[in-house]
Amino acid sequence: MDERRTLKRQHIMFYSRVFDRQTGAFMGYLGNLTETGAMIISEEALEKGIAFNLRIDLPEDIYGKPLLNLTARSVWCQRDIDPNFYNIGFALQEISDDDIDVIVQIIDDYGLQGYDSGD
């Protein structure tokens with residue numbers, strides 16, 4: 001796989017639920033997050049190149065909002081170490097400065113500092 005990520009992934013210590021805002025369908029759990037991308041852990045594979053309107057539930061209403069509404073494009077999908085799940089990478093698009101601030105705060109509060117995912 002051609003690596004295009006410019007920011008180091010930040011694994012987080014909570015698994016927020018992620019939903020498709022258009023259908024209301026549960027997509028999976030947030031696995032890691034940066035200001036430009038995210039990975040969810042899902043029971044279903046997703047096709048690459050599809051645009052989604054995501055809703056990410058936050059761990060409490062501590063960031064001035066209970067959730068993040070983000071537009072993202074699926075960029076990769078691969079089986080998790082557990083073959084019952086898939087890891088799906090998303091590139092965030094059209095993200096507001098306020099949402100970037102919330103993401104940075106989430107990473108600061110819940111990120112696993114010094115953890116190297118090996119990729």
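The values are calculated or read from the model by the stated rules, or taken from the named source; none is laboratory data. Nothing here was measured: the structure is a model prediction, and the numbers come from that model. All Cβ positions, even for glycine, are placed from backbone atoms using ideal geometry, and neighbour counts span all protein chains on display.
What the table shows:
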read-out: Failed item in (1) outside any strand (DSSP E or B); (2) modelled with pLDDT of 90 or more, with TYR63 passing the rest; value: (2)
read-out: Residue count, the stretch 70-88 (criterion: closer than 16 Å to GLU35 by Cβ and touching a Lys or Arg at 6+ places or on another chain (Cβ under 7 Å)); value: 1
read-out: Single unsatisfied condition, ASN32 versus (1) over 10 Å from the mean Cα position of the chain (by Cα); (2) closer than 25 Å to ASN84 by Cα; (3) modelled with pLDDT under 90; value: (1)
read-out: Any hit, the stretch 46-56, residues being in contact with a Ser or Thr (Cβ under 9 Å, 6 or more places away or on another chain), within 10 Å of PHE90 (Cβ to Cβ) and of a type in the set (S, T, N, Q); value: no
read-out: Filter result for ILE81 (hydrophobic (A, V, I, L, M, F, W, C) and surrounded by 12 or more Cβ atoms within 10 Å (Cβ to Cβ)); value: no
read-out: Cβ-Cβ under 6 Å pairs, at least 6 apart or on other chains, the stretch 22-34 side part of a strand (DSSP E or B), far side crowded, with 18+ Cβ neighbours inside 10 Å and of a type in the set (S, T, N, Q); value: MET27/SER42; GLY28/SER42; LEU30/SER16; ASN32/GLN10; LEU33/GLN10
read-out: Residue in the stretch 86-93 that is part of a loop (DSSP other than H, G, I, E, B) and closer than 21 Å to TYR110 by Cβ present; value: no
read-out: Condition check for GLU44: surrounded by 12 or more Cβ atoms within 10 Å (Cβ to Cβ) and of a type in the set (D, E, K, R); value: yes
read-out: Members of the stretch 61-73 that are under 12 Å from the mean Cα position of the chain (by Cα), surrounded by fewer than 18 Cβ atoms within 10 Å (Cβ to Cβ) and of a type outside the set (Ser, Thr, Tyr); value: ASN69, ARG73
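For every residue, the table says whether it meets (1) more than 19 Å from SER42 (Cβ to Cβ); (2) surrounded by 13 or more Cβ atoms within 10 Å (Cβ to Cβ); (3) at pLDDT below 95; (4) more than 16 Å from the chain's Cα centre (by Cα).
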position	(1), (2), (3), (4)
ILE56	no, yes, yes, no
PRO59	yes, yes, yes, no
VAL75	no, yes, no, no
TYR86	no, yes, no, no
ASP98	yes, no, yes, yes
VAL104	yes, yes, yes, no
TYR110	yes, yes, yes, no
